[in-house]
1. Tally the DSSP beta bridges in the stretch B:1-116 and give the antiparallel ones as a percent, rounded to 5.
2. For labels at B:A200 and B:D327 in the simple 7 Å Cα→Cβ model, what's the distance in nm?
3. May I ask you to derive the FRET efficiency for B:L215 and B:Q85 from their Cβ-Cβ distance with R0 = 60 Å, giving the value to the nearest 0.05?
4. List the lysines whose Cα sits under 26 Å from the Cα of B:K194, skipping any in the same chain fewer than 8 residues away.
5. Counting alpha carbon pairs within less than 8 Å and at least 6 residues apart, what relative contact order, in whole percent, applies to chain A?
6. Expressed in nm to one decimal, what extension gain is obtained for the pair A:A111 and A:D6 from 0.36 nm per residue of sequence separation less their Cα-Cα distance?
7. I'd like the FRET efficiency for A:N171 and B:D370, computed as 1/(1 + (r/R0)^6) with the beta carbon distance as r and R0 of 30 Å, rounded to 0.05.
8. Using a 10 angstrom cutoff on alpha carbons, build the Gaussian network for chain A and name the most mobile of A:L25, A:L91, A:L268.
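The values are calculated or read from the model by the stated rules, or taken from the named source; none is laboratory data. Small disclaimer: the values here were computed from a predicted structure and weren't measured. Reconstructed Cβ throughout: ideal geometry from the backbone, glycine too, with neighbour counts over all protein chains shown. What goes into the accessible areas is simple: the full protein's heavy atoms, side chains included, and nothing from ligands, DNA or RNA. Shrake-Rupley method; radii C 1.70, N 1.55, O 1.52, S 1.80 Å.
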Amino acid sequence: MSRHLDIDVAIVGGGLVGSSAALALRNMGFSVALLDKGFCGAQASGVNYGGVRRQGRPREQLPLSQRAHAVWPRLKELIGIDGEFLRSGHLKLARSEDDMAVLEAYAAEVADQGLGLELIGHNGLRERFPWIDGSILGASLCAGDGHANPRLVSAGFASAARRAGVHVLENTPVTGIARNGEGFALEAGEGVSLKARIVINSAGAWADRFAADFGEPVPLSRIYPSMIVTEPLPSVMTVNIGMEGGGIYARQVERGNCVVGGERGLPLEDPDFSRPRGEGALAIMNRTAEVFPALRHAQAIRFWSGTEASMPDRNPVIGFSGTTPGLIHAFGFTGAGFQIAPGVGEVLAELARDGRTSTPIEAFSIARFSQPSGPAGQDRISHGSDARSQSEPQSRGAHS
Amino acid sequence: MSARPQPLIVGAGPAGIRAAEAFVAAGLRPLVVDEAPACGGQIYRQRLVQDGRSTKDLYGSEAGKAERLHAAFAALDGRVDYWPQALLWNLRDGMADVAVTGTTRRVAYDGLVLATGATDRVLPILGWTLPGVFTLGGSQIALKAQGCAIGSRVVFAGSGPLLYLVAWQYMKAGVEVAAVLDTAPASVKLNLFKALPLDAGIVLRGMRFAAELRLRGVAIRTGIEGLRIEGEGRVSGIAWREGGRKRRLACDGVGYGLALRSETQLADLAGCAFRFNERDRAWLPIRDAAGRASVPGVYLAGDGAGIAGADAAERAGERAALALLEDRGVAFDKERAMALEAELARIGRLRDVLEAAFPFPAHWAAAIDDATTLCRCEEITAGAVREAANRFDIGEINRLKAVSRVGMGRCQGRMCAAASAEVLAAATGKPIDAVGRLRAQAPVKPIPLALQLAADLPEVAE
C-alpha cells in the first residue's frame, strides 16, 4: 500500500499523550496524522493502573497535573465517553510514623498548589475507612483525585481524533524521520510517506530511539508494572488507594472488580512485551488480603502487565527538541502518565501552534540530559533527581 | 533418581494417563497434576460416590476403555507423583505454580506434557443463560459424575458427535428426551459413509444411537435455524425454524453445544506459537506429528491441542511421552512411535469427515440477536460488542476485550472467546482468522487472594 500525506503535524505514538494532542490540534484546525506501531492506546496508556491522581507527584508536575485535572470531568463532551472516570478521592496510606511524616512534609510542600490535601490520623481512618486494616497508621486524602478506565480513555481519545479528521494510522511503525527543508519527511509502515511541518515524539517506551536519532540520547529505561484484578465484589473500596513507600495501590471499579498493583512483571524475549510474574502476583494478592480484610476471601481472576517508560529523575520529557527545530518531545512518564496525559496533549498543541505554552514545563526539558557543559546543566540534573527516589522503585508517585 | 526435575504432566485424562505410563516404563517419575478428584478426564470421568451404577452404565460401549485407563493409572501408584484437585494456574520456563490443598507451590519441571482437554464450544442463542440450559458436555458430566439429569423432559440441540451420544445416554438413563435438534442439514450426514472405511465402529455406533432414539419416538430434526430457548426464570420450552416453519416444544432442560474447543491457555503461557486451524475454526498451538510444541521441552497431546477425541488422546499422550524420551536421549520404542503416528493420522482423517458431517453453523454469528448475552461472566451482550467494535473501530479480539470487557471475567474467555471472535468477524466482515486470538494470562482460573505459598518443598504423594 503506497500512501502519501502532506500535513501540519505528525505524531509518533498513539498513546494517551499522542491521541489527546492529536485531538487538540485538530480542534485548532491543524491537519494531523497519528501513527502507532500497533494499536492506539495498547501500550502504557491502555494497560496502566488507571489512577487519576495528583497527590504524590513532584511539585514541578503539579501545574500540568492541575491543568489535566480540569480535563477529566469533561471527557464525555470531549471524546463521547466518560471513560468510567470517578472522582472518588485518593487516599495515601502510611504504615509507620516515618511514612506519616513524609505525607505531612509533602502536604506542607505543596500547600500552595490547590490539591486540598487532608491529613487523617489513626482514629479518623478507622472511623471513615473501616475496611482498611487497623495496622495502618494514618493517611493523606486528596478528595478531588480519582480513577478511570485506561482501556477506554486512550482508545476513546484515538477514536475521537479519528472522527475529528485526524489520519489515524495504526499498525504503522515509523521507520524513518528526517529533517527536510522547512519540515520533516517520515517513512512509515509499508509504503506510507508523510511530509509534516512539526513532529511530536510521543512514542512512550520507544521514544528514546527517535530522540537519539536527533542527537538527543536520554537515559530512558523500561518498567513493567504488574497488576491483579479480583472478581466483582460488593462495593468496599470507596477511594483510590496508594501507599507511602510503595508496595500496593488499589481501586474498585464501578462494576465491583478491585484492581491492585504494586509489583513488577518481566519482559519477554521480545522486550516490547511482558508478563506478570507468578510470585509477584501472589505477593500483591497476599498484601491485598492483609491491608483490606474485607477482600480476604475474594478471588483473583486476572493479572496483567505492560511496558512503560521510566526516567531516572521521575519526571517526563516535555518540550521542544534542543537540536531540531519543529520537533517536540513528550515521553518518559515513569509510571505516572495517565492523569497528566490529557493536560500534556493540550500543552503540546499550544507548543505546536504558538511555540510556547502557558503551563510551566521547564523542569521537563530534554536539555537536562545533555552532557553537562557547565554549572547550569548540573543544576538541572540535581534539581530533577529527587532524594526520595532512593526508596524502592514503586514508591511515591509510581504508577498512576 | 537424579537431581533433574521431573517431567510434568497436566491432566489425568486419556492423554495424561498414557503419557505417565510411558514415562514410568522408561524409568522416569513424572508429576501428574489434575483438577479433578479422580483420573479419567471428562470422557472417562468417575462418579463422585459409588452409587450402584456399573461402568457399563456409565460409559456404555466405551466401558472397556474406561476400565483399562483407570486400571492403568492405578497401576502407576507409587511410581508417579499425583496431585488431584490441583490447579496449575501459571507456568513458564521450567517453573509451574500449582494451587493444591489450600496452598500454592512452585514446582520445577523438566519436560512438560500438556494434556489439558477441551470444553464445549457454544454460540450464544437467546435464552441460553436460563437455568436449565446446560452444555452437552455439562449434561453428560451431570449424568456421569453425579447421576442426575438436567431435567425431566429434555431437548438436545446443536452439533457434533456428542449431540446424539448424550441424547442416547439420557434416554438410556430413563429420562424423557423430547427431541434432538441438529443444526446441520440431513444432506451433510452422507459424509458419514466416507468415514466407514476409516472407523466403521464409531460410525455404526453413531447411527445406532440415532436409530434407537427414533425407535423410542424421539424426534430428530436437522437443518434447524433460529434456535431460541424460552422461559421465565427457567427453561419452559425451545423454539426453532425448520424449512421456513416455526416450531416449538415444551421442555424443562436443554443440552446445547456445537462440538468442542481446545483448552489452550497453558500452551499460551508456556510460550507456544499458535496457528489458525481451519477445521476447528480455532488458533491451536503448533505441534509436530509427535506432539512437540514450538518451545523445546513442551509437548502437546489430546483435545487440548486440537479436537480429535479420546482414542486419539490416548495415542497422542503416549507419543508425546516417547518424544520427550527421545529428546532426552533415553531409549524408546521407535516402531511403537511410528505406529502411534500412523494411528493418529488415521483418526485425523476420520475427524475431518466427522467435522464435515457436523459442521459449525458459522453463519449464525451474524444473526445473533443484540440482546443475547455473549460473555456471561461480565454480562456483555452481542449488541454491546458490536457497538464497541464500531465505536472504537476495532477488528481485533484483544482490542475488543479491552474496550468491551468481553472475555475479561472469571472464565478469561474460555467460554466466550470463540463466540466473540465469530461475532466480531461477522460484524466487521472479516474472515474469522483475521480477528486474531485472545492472549492468555495467568491465572488460568480464579485463585483466592489469600492463597499462601507453601513453605515446604512439594511432598511426594503416595
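1. Working: 12 of 21 bridges.
Counting DSSP beta bridges with both partners in the stretch B:1-116, the antiparallel share is about 55 percent.
2. 4.0 nm
3. Values: r = 42 Å, r/R0 = 0.69.
Once rounded, the FRET efficiency stands at 0.90.
4. Hits, sequence-local ones excluded: B:K65.
5. Numbers: 955 pairs, mean separation 94.2, N = 400.
After rounding, I find 24 percent.
6. On the way: separation 105, 0.36 × 105 = 37.80 nm, distance 4.74 nm.
Answer, rounded to one decimal: 33.1 nm.
7. Details: r = 29 Å, r/R0 = 0.97.
My answer for the efficiency is 0.55.
8. Among A:L25, A:L91, A:L268, the largest mean-square fluctuation in the Gaussian network model of chain A belongs to A:L268.
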